[in-house]
Amino acid sequence: MSEALIDQFGRTVDYVRISVTDRCDFRCVYCMAEDMTFVPRAQVLSLEEIYQVARSFTELGVKRIRLTGGEPLVRRNVISLVQRIGKLPGLEELLLTTNGSQLEKMAPALRDAGVTRMNVSVDSLDADKFRRITRTGDLDQVIRGLDAAVAAGFERIKLNAVILKGRNEDEILDLVDFAQQRNFDISFIEEMPLGLIDEHNRELSFCSSDEVHEIVASRYALTASDATTGGPSVYHNVAGSSARVGFISPHSHNFCHLCNRVRVTVEGRLLLCLGNEHSMDLRELLRAEDFSDEKLRQAIIQAMDLKPEKHHFDLGGEPEILRFMNMTGG
Ligand code: SAM
Ligand code: SF4
């Protein structure tokens, strides 16, 4: 059984990002408030429910699943979930986005479970600055995690860095140097107005991909690449290297027309677009007395009609999307 998921605009959805927890050991200033209220545990999908959702998606032709969060690796027994999802027929790639804090111990088990590529968020290479941006993070621990990931033999490791003016824009070249030396791809992300934060003014700290590109190009010869890894990064090749530099530009270069993905939130809401609230409650179905796999598949197929054509982000004023990125799964 393999039915394609196609939305009203003719886009085929073959990529799902699942948030396995909203909890995290870091409190990055662009992602969370310092004092966060997390979703009560009873409202969070169980590992079994997450597995059922993942299985239904692969039965509907989804080829790529990314586990994210919150910090996916702080969810208890997450490895058992990764192992089960990794065995689903039809799944071509199992991916992970992590802050790297748990990788030192978990990298080999993740690789064995079938995770092929991994994104690790690193916004600064200066331990103090790293701590200030993440509020609680330990840079050394993350670097040891990256070393463990290299040793475990992942096919590709990509760094993600959110660049904020006045915070880490002076580290753009250092971050590219670091990535190039280790043969990691790196993507620079424009901050998105998800969740209400008061730590900084997002309009003032906004650093566009074009500005970051100009800084990288001052040291590296970049050529646009048509390579895609199925995500929103627009990649550039670096002369003399196989490690690429990518830009994720939800504001400045809208990528909605190519959108092939949907998200499942930590509460089991199938979210059709990161920048809109269109969603379907899968948890209600999963917990209904008359639940069946077929009902779940039909609900997912129907939800495709809800996928909006595009998102619109406005940095000024109140954020329109009040959910934080950790609920949604970045
Ligand atoms: N904890 C993991 C991590 O940090 O990689 C996975 C979840 S995190 C929400 C996924 C990605 O979203 C990270 O690369 C993070 O930098 C990014 N992110 C979080 N909040 C963001 C925001 N408001 N705008 C843009 N990117 C954001
Ligand atoms: Fe945690 Fe990732 Fe959000 Fe940072 S970006 S607070 S590491 S979920």
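The values are calculated or read from the model by the stated rules, or taken from the named source; none is laboratory data. The model shown is predicted, which means the values in this text are computed figures rather than measured ones. When we count neighbours, we look across all protein chains shown, and the Cβ atoms used for this are built from the backbone with ideal geometry, even at glycine. With ligands, DNA and RNA removed, areas are computed over all heavy atoms of the protein, side chains included. Shrake-Rupley method; radii C 1.70, N 1.55, O 1.52, S 1.80 Å.
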Condition broken by R84, with the remaining ones in (1) under 24 Å from I186 (Cβ atoms); (2) open to solvent by 10 Å² or more (accessible area, probe 1.4 Å); (3) not in a loop (DSSP other than H, G, I, E, B) satisfied: (1)
For E267: the one exception among (1) open to solvent by less than 40 Å² (accessible area, probe 1.4 Å); (2) within 23 Å of P72 (Cα to Cα); (3) at pLDDT 85 or above: (1)
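Here is a yes/no grid of residues against (1) over 21 Å from H251 (Cα atoms); (2) open to solvent by less than 60 Å² (accessible area, probe 1.4 Å):
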{"site": "A148", "(1), (2)": "yes, yes"}
{"site": "F154", "(1), (2)": "yes, yes"}
{"site": "A161", "(1), (2)": "no, yes"}
{"site": "R167", "(1), (2)": "no, no"}
Test: residue in the stretch 127-137 that is hydrophobic (A, V, I, L, M, F, W, C) and either on the phi > 0 side of the Ramachandran plot or open to solvent by 50 Å² or more (accessible area, probe 1.4 Å) (or both): yes
Residue list for the stretch 1-44, filter: more than 16 Å from ligand 1 (Cβ to nearest atom), surrounded by 14 or more Cβ atoms within 10 Å (Cβ to Cβ) and charged (D, E, K, R): D7, R11, D14
Scan of the stretch 169-179 for residues that are open to solvent by 20 Å² or more (accessible area, probe 1.4 Å) and acidic (D, E), ordered by number: E169, D170, D174, D177
Lone qualifier among D210, D185 - being open to solvent by less than 50 Å² (accessible area, probe 1.4 Å) and modelled with pLDDT of 85 or more: D185
Identity of the residue in the stretch 65-81, of a type in the set (A, V, I, L, M) and open to solvent by less than 30 Å² (accessible area, probe 1.4 Å), that ends up farthest from C24 (Cα to Cα): I65
Answer from S241, S218, S205 - the residue that is of a type in the set (S, T, Y), over 25 Å from G70 (Cα atoms), at pLDDT below 95 and more than 19 Å from the chain's Cα centre (by Cα): S241
Residue pairs meeting the criteria (Cβ under 6 Å; at least 6 apart or on separate chains; first within 17 Å of A161 (Cβ to Cβ) and open to solvent by 10 Å² or more (accessible area, probe 1.4 Å), in the stretch 95-115; second at pLDDT 95 or above and hydrophobic (A, V, I, L, M, F, W, C)): N99/F26
Failed criterion for G90 (all others in (1) within 16 Å of ligand 2 (Cβ to nearest atom); (2) of a type in the set (G, A, S); (3) surrounded by fewer than 23 Cβ atoms within 10 Å (Cβ to Cβ) hold): (1)
Positions within the stretch 157-206 being more than 10 Å from ligand 1 (Cβ to nearest atom), acidic (D, E) and not in a helix (DSSP H, G or I), in sequence order: D185, D198, E199
Test: residue in the stretch 54-64 that is within 16 Å of ligand 2 (Cβ to nearest atom) and open to solvent by 40 Å² or more (accessible area, probe 1.4 Å): no
